[in-house]
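Working notes, beginning with the structure itself.
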Amino acid sequence: MAFTGKARVEGPHCSSQVDPLAALRAPDDPPWDVYLTGTVFLDIVFTGLGSAPARGTESWARGMGSSPGGVANMATALARLGLRTSLAAAFGDDHYGEYCWDALEQGEGIDLSPSRTVPGWHSPVTVSMAYDGERTMVSHGHEPPPGEPAPDCPPRARAAVASLTPGRGAPWIAQAARKGARIFGDVGWDDTGAWDLAALPDLRHCEAFLPNAEEAMRYTGTDCPRTAAHALTEHVPVAVVTLGAEGAYAVDRRTGETASVPAIEVEALDPTGAGDVFVAGFVTGSLAGWPLADRLAFAGLTAALSVQEFGGSLSAPGWTEIGAWWRRVRSVEGQDPSALGRYEFLAELISGELVRPWPLRRAVPTIGFRRSA
């Protein structure tokens with residue numbers, strides 16, 4: 001599991017962080033490592049609820065925070081892992097839109113040059129309530145005017161993350177693929193009930209497809225997630241199936257590799273955005289050229305770290321959190337050597353300079369925005 005090259009670049013959350021692509025960078029590289037597009041929500045998250053709110057009652061939460069959500073979860077997770085990330089999204093011209101723009105551009109270092117502020121359009125909002133490791137969400141928003149933003153001509157990037165929609169293609173995905181971007185596709189629940197892979201026209205452009213177990217089995221008509229992963233490789237080179245508490249399983253048709261990684265046991269506070277963080281971890285390892293098992297282990301680790309904090313983009317871990325976890329687990333006596341060996345590749349990526357006290361606490365933005373002068 002030897003990886004060559006590491007460098008540190010200035011980042012918004014710590015004085016230094018690992019650049020996982022340092023050994024691969026060249027002068028003629030694309031300007032961005034990852035491009036993505038979608039809807040940015042303002043997420044308002046309540047935590048510390050004893051149970052789901054009951055009808056006709058008032059519930060008090062012990063914690064609350066706010067942050068950009070929606071596609072911002074994925075963009076933030078990628079940026080915190082050291083990838084140069086470009087996002088095309090529509091932002092409202094209200095306080096929420098201004099706050100989300102500033103948090104992503106100034107706070108996370110995400111390129112928003114393909115994004116637009118839409119006059120007269122208010123920002124979509126999601127309220128998320130976390131309890132017992134689960135969540136309940138209420139959202140409100142309207143579609144932005146057509147052409148806002150206009151992602152049909154995406155910037156050149158090493159990779160793009162695409163959310164595939166049954167029955168509908170997105171022209172920008174083919175455009176990005178023609179420019180050499182490696183496409184990583186995820187998918188949501190098929191409300192049509194058809195579960196037809198032919199209804200995902202952009203799957204043919206994807207290098208990797210990352211559904212959850214239920215989605216994978218429904219799309220392939222199988223009753224086993226691992227069987228489903230192998231069946232999916234008839235349509236896409238790499239299939240990654242997330243298995244919830246059982247971890248994840250992946251198959252690479254091109255190399256013949258398979259990998260199975262158990263989930264890391266953690267005390268889950270809020271699962272919001274964990275799927276996005278998993279994808280970001282897998283994309284990072286893929287662009288760095290890691291073996292399939294390392295990519296899968298890293299994706300699972302980053303997702304596990306994220307559920308211990310609340311919020312979507314708020315909870316995405318960076319290299320400081322990853323380094324602190326690695327040093328922590330190695331310091332605990334009686335660890336399973338084979339389990340530690342699964343993450344040994346981290347040792348060559350993480351410098352001692354990244355150490356921070358454990359456990360970590362995050363600064364949490366709260367409601368109270370105002371327009372700058």
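The values are calculated or read from the model by the stated rules, or taken from the named source; none is laboratory data. On a predicted model such as this, the values are computed, not experimentally measured, just so you know. We place every Cβ from the backbone using ideal geometry, glycine too, and count neighbours over all the protein chains shown. Heavy atoms of the whole protein, side chains included, go into the accessibility calculation; ligands, DNA and RNA do not. Shrake-Rupley method; radii C 1.70, N 1.55, O 1.52, S 1.80 Å.
Over segment 96-245, calculate the relative contact order: mean separation of alpha carbon pairs under 8 Å at least 6 apart, over the residue count, as a percent.
Computed over segment 96-245, the figure is 15 percent.
Between beta-carbons, use under 13 Å as the cut-off and find the net charge around GLY188, counting Lys and Arg +1, Asp and Glu -1.
Details: positive: ARG168, ARG218; negative: ASP186, ASP190, ASP191, GLU214, GLU215, ASP276.
After counting each charged neighbour, the total is -4.
Expressed in nm to one decimal, what extension gain is obtained for the pair CYS153 and MET137 from 0.36 nm per residue of sequence separation less their Cα-Cα distance?
Working: separation 16, 0.36 × 16 = 5.76 nm, distance 3.30 nm.
Taking CYS153 through MET137 to full extension adds about 2.5 nm, to one decimal.
Using a 1.4 Å probe on the protein chains only, how many percent of the accessible area of segment 270-335 belongs to carbon and sulfur? Walk me through the numbers on the way to the answer.
Numbers: 740 of 1580 Å².
With neighbouring chains kept in place, the figure for segment 270-335 is 47 percent.
For segment 77-205, which whole percent of the accessible surface, found with a 1.4 angstrom probe, sits on carbon and sulfur atoms?
Numbers: 3000 of 5950 Å².
It is 50 percent, rounded to a whole number.
For the pair SER113/VAL266, report the inter-label distance in nm, with labels modelled 7 Å from Cα in the Cβ direction.
In this crude label model, SER113 to VAL266 measures out at 3.4 nm.
Quick check: residue separation of ALA198 and ALA54 times 0.36 nm, minus the Cα distance between them. What number comes out in nm? Let's see the in-between values first.
Working: separation 144, 0.36 × 144 = 51.84 nm, distance 4.16 nm.
Full-extension gain reported as 47.7 nm.
Using alpha-carbon pairs under 8 Å, 6+ residues apart, how would you state the relative contact order of the chain in percent?
Numbers: 797 pairs, mean separation 65.2, N = 373.
After rounding, I find 17 percent.
Using a 1.4 Å probe, what is the accessible area per residue for the chain, in Å²? Let's see the in-between values first.
Details: 16940 Å² over 373 residues.
Per residue, the chain has 45 Å² of solvent-accessible surface.
Considering only the other residues whose Cβ falls under 12 Å of the Cβ of ASP294, what net charge follows from Lys and Arg at +1 and Asp and Glu at -1?
Numbers: positive: ARG295, ARG342; negative: GLU257, GLU344, GLU348.
Around ASP294, the charge tally is -1.
What length, rounded to one decimal in nm, is gained on full extension from ASP336 through to MET64, with 0.36 nm per residue of separation minus their alpha-carbon distance? Spell out each step's value before the answer.
Details: separation 272, 0.36 × 272 = 97.92 nm, distance 3.67 nm.
Contour length minus the Cα-Cα distance gives 94.2 nm.
Taking the dipole about the Cα centre of the chain, with the C-beta of Lys and Arg at +1 and of Asp and Glu at -1, give me whichever of SER128, ALA199, TYR99 is farthest to the positive side.
TYR99
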